[in-house]
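What follows is a short report on a single structure.
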Amino acid sequence: MYRRIGLIAALAITIATTPTDAGPIAAPRIATVDPVVVDDGSAGGLTLRISYLVTGRKMPVVILSHGFHLSREDYQPLVRSMVAAGFVVIQPDHPDASIDGFAPPGPSDPDSWRKRIAQVRWIAGHQGIVTGSVPGLRARVDADRIAVVGHSFGGHTAETVMGATVIDPASGKPMHADEPTIKAAVLLSPPGHEDGLTDNWKRQSPYLKVDWSTMRGPVLTIVGGNDNVWALPQGPVWLTDGYRRSQPGRGICLMTVAGAGHYIGGIDGPLRPPTGDATPARLALVRTAVVTFLQAGLYPGDTAKAKAWTAIRTRIDCK
């Protein structure tokens, strides 16, 4: 049985991180450049959305991998919190991205999962090209501190670049895509293993034969306690396969947000289903956990950041 973080904990975190005596604080000035198109060797190039603080230097980088049929334009509540904390957030459009809200025409690309991984690895390995596409940004980025955040299908992408092994459905052989320049990962509502799927889902998702024993940390998985978007008999516990099947001693943690659905309290805004999933308290919990974890993971020698993460870590499942 895994511990669930409820609304009281969420409110406690919100109170702890909200100034009460210092008076009003001006909102940080955020710049967004969209679209940014870079030449990654693919037809048409790679389209990105890049958000960052107007001021600041030595800013760490987060690559945000979207879910199936979402896009670089999504997850703005989560993006704003990461940028306000000092991260440069890079959002690529994956091959399955919706454009202006419309899904790509025609059947789904069976190699989309593989192309997603290649895109994230390329961004991580070509920070000079990516951040150099925005005037003045390259000199302000700390390219040695890169993390990845992935939601749903993007969680599969993120765990793979952290060393999880995928059995290639085309060859039947293990595929290793660990990207060592990526130092930490957050997996939001990630899919579990193929062995827990119905036959129909197995046919649609043959890339979900994953071995998490090779996944390195630090990794934080966050799932909603009421997330059953895949309509599986085992319910949301399937989303925790990556945590349960990973090796101990690597800084891998699991947070289950009680009552939350697939968008875990509103990480892509309040209108995503199910109705009632998005609440300010749940969203505050998730945003605080993501930012605090990434700060601790990318700055392992920083005592203050480690202490802030420990305050959350002691209330969730870690191994």
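Residue by residue, here is whether (1) farther than 17 Å from Pro92 by Cβ; (2) touching a helix residue (DSSP H, G or I) at 6+ places or on another chain (Cβ under 9 Å); (3) aliphatic (A, V, I, L, M) holds:
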position: Gly132; (1), (2), (3): no, yes, no
position: Val141; (1), (2), (3): no, yes, yes
position: Lys202; (1), (2), (3): yes, yes, no
position: Lys209; (1), (2), (3): yes, yes, no
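Please count how many residues of the range 101-133 are aliphatic (A, V, I, L, M) and more than 11 Å from Val38 (Cα to Cα).
5
Would you please name the residue that is least open to solvent (accessible area, probe 1.4 Å), looking only at residues in the range 285-319 that are polar (S, T, N, Q), under 22 Å from Ala260 (Cβ atoms) and free of Cβ contacts under 8 Å to residues at least 24 places away in the same chain?
Top of the filtered list is Thr292.
Return a yes/no flag: does the range 118-136 have any residue that is of a type in the set (Lys, Arg) and surrounded by 15 or more Cβ atoms within 10 Å (Cβ to Cβ).
Yes: one or more hits.
The values are calculated or read from the model by the stated rules, or taken from the named source; none is laboratory data. Everything numeric here is computed off the predicted structure, so don't read it as measured data. FYI the Cβ positions are ideal-geometry reconstructions off the backbone, even for glycines, and counts take in every protein chain you see. We work out accessible area using only protein heavy atoms, side chains counted, and drop any ligands, DNA or RNA first. Shrake-Rupley method; radii C 1.70, N 1.55, O 1.52, S 1.80 Å.
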